[in-house]
Amino acid sequence: MRCPNCDVGMRLEIEGQAAYRSAGEAERGLELVYGFCPECKHLVVILKHGKYRWIDDRGELADIEREEVLYPSLVARVIDIRVPDKYRQPFNEANSVMGVSPKASAALSRRLLQSILWDEYNIKRRNLETEIVEFIQLKDIPSDIAEAVDAVRNIGNFAAHPVKYMNTGEIVDVEPGEAEWLLDVLEALLDFTFVRPAEVQERKNRLNSKLIALGKPPMKS
């Protein structure tokens, strides 16, 4: 997971955890886990939902269905200002509801992913799954970006939930880690689409300024 304090990928150093049976539901349970990020050393508190079972004189959770970050209340994801507002604002909205409703967050993220494919890559087909397949076949897409976007289909279990790609904004059940993965993919895709080209252009502009100062012709665009 990514630390909700510093946004660095990490494996939580668990200090304590305890599982509890849900009231009135024999096979349902909750597990409270807390620990510290090994990078920034800040506290993270997570609530897990799943099936409750009693093994070796203690309760534990099996088949984790979803996790929500209780503390801090908002995952620290900062989108570069060079990303247009029409993408940055929906991303921030999807991020802000992640801890409260992973289902809603995932729906917002799927709709945003489709908007990026439509408007920035001119890929508008009958559904998101078809659009993802076409996107990963583009020549200039780095393998890490292509693989991350393609994994959206598998992690979201599109085969079992066709509504996810037929109607991207529909709020439906999510797989464990799906909502967080979608945000990770969107971060990477927005960086590739907007931030990296802007940085390349900025470097080229600085180099051209130096060339002109030396009486040399600037680089061609």
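When segment 3-39 is filtered for residues that are part of a loop (DSSP other than H, G, I, E, B) and surrounded by 15 or more Cβ atoms within 10 Å (Cβ to Cβ), the ones remaining, listed by number, are Cys3, Pro4, Asn5, Asp7, Met10, Leu12, Cys37.
Looking at (1) buried (at least 17 other Cβ atoms within 10 Å of the Cβ); (2) part of a helix (DSSP H, G or I), which one does Glu175 not meet, given that it meets all the others? Looking at each condition in turn, Glu175 falls short on (2).
The residues of segment 180-218 that are of a type in the set (Val, Ile, Thr) and touching a residue at least 40 places away in the same chain (Cβ under 8 Å), listed by number, are Val185, Thr193, Val195. Checked against (1) surrounded by 13 or more Cβ atoms within 10 Å (Cβ to Cβ); (2) at positive phi, Val149 passes all but a single condition, namely (2). Entry remark, segment 85-114: residues being touching a Leu at 6+ places or on another chain (Cβ under 9 Å) and not in a helix (DSSP H, G or I) number 3 in total. The conditions of being of a type outside the set (A, V, I, L, M, F, W, C) and farther than 30 Å from Val45 by Cα are met by Arg82. The set of residues from segment 145-174 being charged (D, E, K, R) and out of contact with any Phe, Trp or Tyr (no Cβ under 9 Å at 6 or more places or on another chain) comprises Glu147, Glu170, Asp173.
Of all positions in segment 66-78, at least one carries a residue that is of a type outside the set (A, V, I, L, M, F, W, C), touching a His at 6+ places or on another chain (Cβ under 6 Å) and closer than 21 Å to Arg11 by Cβ. Exactly one residue among Val172, Val195, Val133 is β-branched (Val, Ile, Thr) and either in contact with a Pro (Cβ under 8 Å, 6 or more places away or on another chain) or under 30 Å from Val8 (Cβ atoms) (or both), and that residue is Val195. Considering the conditions (1) without any contact (Cβ under 8 Å) to a residue 12 or more places away in the chain; (2) of a type in the set (A, V, I, L, M, F, W, C); (3) in contact with a Gly (Cβ under 7 Å, 6 or more places away or on another chain), Ile64 is excluded by exactly one of them, (1).
No value in this document is a laboratory result; all are computed from the given coordinates. It should be emphasised that the depicted structure is a prediction, and the values quoted were computed from it without experimental measurement. Cβ atoms come from the backbone with ideal geometry, glycine included; neighbour counts cover every protein chain shown.
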